[in-house]
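Nothing in this text is a laboratory measurement; each read-out follows from the coordinates by a stated rule. Since this is a predicted model, take the numbers as computed values, not measurements. Cβ atoms come from the backbone with ideal geometry, glycine included; neighbour counts cover every protein chain shown.
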Amino acid sequence: MKERGSWKIKSSEEKYDNPWINVTEYKVVNPGGGDGIYGEIHFKNIAIGIIPLDDDYNTWIVGQHRFPLDSYSWEIIEGGGKMGIDPIESAKRELAEEAGIVAEHYELIQKMHLSNSVSDEFGLIYIAKGLTFQASAPDIDEELIIKKLPFEQLYKAVMNGDMTDSLTVAGVLKTKILIDQGAV
């Protein structure tokens, strides 16, 4: 039997596969010695989040309907970066596509796993500075609303629980710390 830490894998079966995710079900012996199953979602892209900041600490967020939640969500600029491509290039593409923003400088502020109890999804969050603006060009399957607001207003929305997207929450909280430290 294969092992993953104290879990023993008796067998595995691919249940679903598409260009973005793969779902596998494992028959396992859990750390307590009992038989069970474990489902794992493998993500084929890196989650990329970007917080653009201008010289006055304004930022831009996007709103869109999220199919899995069947609700509307306001979020930082985010999308998927293909494996094997420099994540900065993916961040640049997402920022330009979703918000029509081009940035001179990108600073990686956070690495994170988004839901490690069921998936291997990995995310990177950047602050983008030195902004210029052009027309946005969202993907054909995206219906986005772009909103400019002071970063402090975004921070308050996160603290009030009005925003629940994990990249947004983590990125905004980390950015607030960096701003308060004078590091941004």
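Among G79, S136, I109, pick out the residue whose Cα is farthest towards the positive end of the charge dipole of the chain, where Lys and Arg carry +1 and Asp and Glu carry -1 on C-beta, about the Cα centre. My answer, from the dipole projection, is I109. Using only the Cα atoms of region 2-43, each taken as one equal point scatterer with no solvent, compute I(q) by the Debye sum, divide by I(0), and report log10 of the ratio at q = 0.15 Å⁻¹. For the requested q values the scattering log ratios are -0.37. Non-local lysine pairs in region 1-121, meaning eight or more places apart or on different chains, with alpha-carbon distances under 15 Å, amount to 7. Dividing the alpha-carbon radius of gyration of region 90-184 by the rule-of-thumb value 2.2 N^0.38 Å gives 1.14. Computed from the C-beta positions of E3 and D120, the FRET efficiency with R₀ = 22 Å rounds to 0.80. Rounded to the nearest 10 degrees, the angle from helix 166-180 to the longest Cα principal axis of the chain is 50 degrees.
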